[in-house]
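Asks: Next up is a structure, given as structure tokens.
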Amino acid sequence: MSFEQLGLSSETLQAIKEAGYDQPTPIQEKAIPYVLMGRDIMGVAQTGTGKTAGFTLPMIDILSSGRAKTRMPRSIILEPTRELASQVADSFEKYGKNSKLTMALLIGGESMKDQQALLQRGVDVLIATPGRLLDLFDRGQILLADTKLLVIDEADRMLDMGFIPDVEKLVGLLPPLRQTLFFSATMAPEIRKLSEKFLNNPKEISVAPPASPAALVTQRLLPCEAEPKKKRAALRELLKQEAGEMQSALIFSNRKRDVATLQRSLERHGLNAKALHGDMAQPARMETLNAFKNGEIKILVCSDVAARGLDIPAVSHVFNFDVPTHAEDYVHRIGRTGRAGRSGKAYTLFLPSEKKYLESVQKLIGFEIQRISLSDEAPSAEPVKEESKEEAQPAPQKGRKTGQRKSSSSKPRKSEDNKTQEDNAGQQAEDKPVDEETEKAAKSSKKPAAQKTSSRKGKSRKKDPELLENDESTSPFGEHTPAFLLRPVPQTASA
Ligand code: AMP
């Protein structure tokens with residue numbers, strides 16, 4: 001099937017052509033005609049399937065007739081994270097370039113003032129995280145009586161992150177006569193229940209079996225020793241072995257504090273690695289992400305919250321520094337590579353204590369991940385390097401190992417583990433309003449942005465004593481380090 005057969009306008013078809021798309025993806029083929037008909041959609045599709053265009057393309061045509069009134073957005077797209085919201089905004093700009101539609105991005109950490117000015121003028125599309133949107137509504141800055149089209153994207157993630165009450169509240173504020181497009185990567189019973197609440201006689205569309213891992217990704221498992229230093233050394237060894245094939249890599253860690261520790265460790269070993277996690281201020285997150293996308297940063301150490309759904313075609317490798325405690329996260333993580341027809345590699349470092357998590361991952365993907373061992377012994381503990389003044393922190397918490405975690409349970413996901421609780425808290429903090437002072441300080445390059453995520457919890461600037469777990473500082477790759485992985489040798493690097 002061609003895009004021309006889907007019923008899109010010539011302006012939108014032109015934008016699609018300019019985006020370089022020849023053919024609709026399955027979700028686009030199935031969803032676009034129904035969205036254009038005005039039907040509600042219950043779409044089961046992962047990121048990477050082209051689902052963003054699946055809803056934005058027909059939305060552009062639907063919205064092209066009509067005008068936005070002041071403070072009354074005509075459509076709303078709800079996204080669980082700022083990065084996803086920002087990514088959808090980019091898609092909207094790309095696909096809507098030949099339309100006259102106006103768009104506002106309303107996400108935590110961005111300046112309220114500029115967004116209010118945009119809303120004041122009237123927007124056709126408002127892309128928002130739920131907390132931020134509710135906050136603006138509570139302040140009386142926005143009216144939802146004219147919102148006739150709603151997209152709830154990544155509903156399963158919204159559920160995981162505890163955003164559903166906010167979403168429910170928002171839906172209750174919208175006119176009952178509207179079109180709702182609901183997308184989720186999985187169709188768990190709770191998600192189905194939610195969809196029934198929000199949707200009216202939806203067209204159900206499913207493009208991939210829930211949680212089927214990317215077919216083009218080679219998956220391997222590396223059993224490791226529990227000691228954090230040894231585990232980090234094993235990771236470096238893997239990076240070294242893969243360096244020849246690596247364009248850029250994402251390294252996932254289950255906890256934010258481990259993200260920071262690991263990133264510093266890699267950097268100290270001369271690797272071009274930066275961190276991306278939920279506690280970073282929005283401008284820093286976007287800056288890091290852009291630098292990664294354009295190749296200035298080769299390795300990004302990140303948490304699940306920060307990296308969920310990101311579309312970065314050149315990621316050749318994904319490393320799971322920890323086995324994710326939720327099996328679906330494994331699928332999402334490895335789905336960051338092997339995109340757009342490229343092949344990719346996904347390595348998971350595994351500790352015996354993570355057996356239970358590994359088992360549920362393997363059950364979900366339907367096969368046992370092939371085990372490997374490092375060709376050379378990974379270097380073990382190394383001398384501890386003195387931290388720079390800036391990094392000087394309280395003593396690390398004794399007795400805590402990076403790879404250790406609470407045993408799993410059948411409790412709901414939200415309360416299962418540290419990662420989710422912390423990241424949820426961080427994310428929720430991110431979606432809460434910023435205070436006046438923070439707003440003044442706020443600036444972003446591309447889009448207006450505030451510097452701080454939340455003043456309520458004071459989380460984003462607080463230093464975590466566990467971030468500075470003593471780290472090894474030597475044993476770089478030495479002369480074998482491929483040039484592209486090397487950044488200018490930092491002052492603190494020992495070799
Ligand atoms: P998404 O699942 O929306 O995150 O999209 C994943 C990637 O697929 C994005 O980089 C899109 O630019 C790309 N994409 C979307 N639709 C098409 C298409 N019809 N042909 C080729 N690439 C596409």
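Asks: Does residue 53 satisfy the condition of being closer than 22 Å to residue 100 by Cα, within 13 Å of the ligand (Cβ to nearest atom) and buried (at least 22 other Cβ atoms within 10 Å of the Cβ)?
Replies: yes
Asks: Here are some conditions: (1) within 30 Å of residue 343 (Cβ to Cβ); (2) in contact (Cβ under 8 Å) with a residue 60 or more places away in the chain; (3) open to solvent by 10 Å² or more (accessible area, probe 1.4 Å). Residue 232 meets all but one. Which one does it not meet?
Replies: Residue 232 satisfies all of (1) within 30 Å of residue 343 (Cβ to Cβ); (2) in contact (Cβ under 8 Å) with a residue 60 or more places away in the chain; (3) open to solvent by 10 Å² or more (accessible area, probe 1.4 Å) except (3).
Asks: Consider residue 48 carefully, then state whether it is within 13 Å of the ligand (Cβ to nearest atom) and assigned by TED's automatic domain parsing to the domain that holds residue 132.
Replies: Numbers: within 13 Å of the ligand (Cβ to nearest atom): yes; assigned by TED's automatic domain parsing to the domain that holds residue 132: yes.
Against the criterion (within 13 Å of the ligand (Cβ to nearest atom) and assigned by TED's automatic domain parsing to the domain that holds residue 132), residue 48 qualifies.
Asks: Let me ask you something else. Determine whether segment 21-39 contains at least one residue that is crowded, with 21+ Cβ neighbours inside 10 Å, more than 14 Å from the ligand (Cβ to nearest atom), farther than 15 Å from residue 95 by Cβ and at pLDDT 95 or above.
Replies: no
Asks: Given the conditions (1) under 28 Å from residue 106 (Cβ atoms); (2) surrounded by fewer than 22 Cβ atoms within 10 Å (Cβ to Cβ), which single one is not true for residue 296?
Replies: So residue 296 meets the others, but not (1).
Asks: Restricting to segment 114-123, name every residue that is open to solvent by less than 10 Å² (accessible area, probe 1.4 Å) and touching a residue at least 60 places away in the same chain (Cβ under 8 Å).
Replies: Selection gives 115 alone.
Asks: Only one of (1) touching a residue at least 40 places away in the same chain (Cβ under 8 Å); (2) open to solvent by less than 10 Å² (accessible area, probe 1.4 Å); (3) under 18 Å from the mean Cα position of the chain (by Cα); (4) under 29 Å from residue 15 (Cβ atoms) fails for residue 106. Which number is that?
Replies: Status for residue 106: all satisfied but (1).
Asks: Can you tell me which residue among 260, 243 is more than 18 Å from residue 350 (Cα to Cα), in a helix (DSSP H, G or I) and in contact with a Pro (Cβ under 8 Å, 6 or more places away or on another chain)? Steps first, answer last, please.
Replies: On the way: 260 fails: in contact with a Pro (Cβ under 8 Å, 6 or more places away or on another chain).
Just one listed residue meets the conditions, 243.
Asks: Can residue 94 be described as within 9 Å of the ligand (Cβ to nearest atom), basic (Lys, Arg) and in a helix (DSSP H, G or I)?
Replies: Numbers: within 9 Å of the ligand (Cβ to nearest atom): yes; basic (Lys, Arg): yes; in a helix (DSSP H, G or I): yes.
Against the criterion (within 9 Å of the ligand (Cβ to nearest atom), basic (Lys, Arg) and in a helix (DSSP H, G or I)), residue 94 qualifies.
Asks: Continuing with this model, one more query. Of everything in segment 31-44, what is out of contact with any Asp or Glu (no Cβ under 6 Å at 6 or more places or on another chain) and farther than 12 Å from residue 7 by Cα? Give them in sequence order.
Replies: The first filter runs over segment 31-44 and keeps only residues out of contact with any Asp or Glu (no Cβ under 6 Å at 6 or more places or on another chain), leaving 31-41, 43-44.
Matches in segment 31-44: 38, 39, 40, 41, 43, 44.
Asks: Which one of these does residue 83 not meet: (1) in a helix (DSSP H, G or I); (2) acidic (Asp, Glu); (3) open to solvent by 10 Å² or more (accessible area, probe 1.4 Å)?
Replies: (3)
Asks: Taking segment 175-204 as the region of interest, how many residues are free of Cβ contacts under 8 Å to residues at least 40 places away in the same chain, in a loop (DSSP other than H, G, I, E, B) and not charged (D, E, K, R)?
Replies: Going through segment 175-204 one residue at a time, the tally reaches 4.
Asks: Condition check: within 13 Å of the ligand (Cβ to nearest atom) and closer than 21 Å to residue 130 by Cβ. Does residue 77 satisfy that?
Replies: Yes.
Asks: Can I ask one more? Can you tell me which of (1) near the ligand (Cβ under 9 Å from one of its atoms); (2) in a helix (DSSP H, G or I); (3) among the charged types (D, E, K, R) is the one residue 61 doesn't meet?
Replies: That leaves (1) as the condition not met.
Asks: I've got another one for you. Of the residues 77, 164, 152, only one is within 30 Å of residue 326 (Cβ to Cβ) and open to solvent by 10 Å² or more (accessible area, probe 1.4 Å); which?
Replies: Details: 77 fails: open to solvent by 10 Å² or more (accessible area, probe 1.4 Å); 152 fails: open to solvent by 10 Å² or more (accessible area, probe 1.4 Å).
Just a single option satisfies the conditions, and that option is 164.
The values are calculated or read from the model by the stated rules, or taken from the named source; none is laboratory data. Since the structure is predicted, the reported quantities are computational estimates derived from the model, not experimental observations. With ideal geometry, Cβ positions are generated from the backbone for all residues, glycine too; neighbour counts draw on all protein chains shown. Side chains included, ligands, DNA and RNA excluded: accessible areas come from the protein's heavy atoms. Shrake-Rupley method; radii C 1.70, N 1.55, O 1.52, S 1.80 Å.
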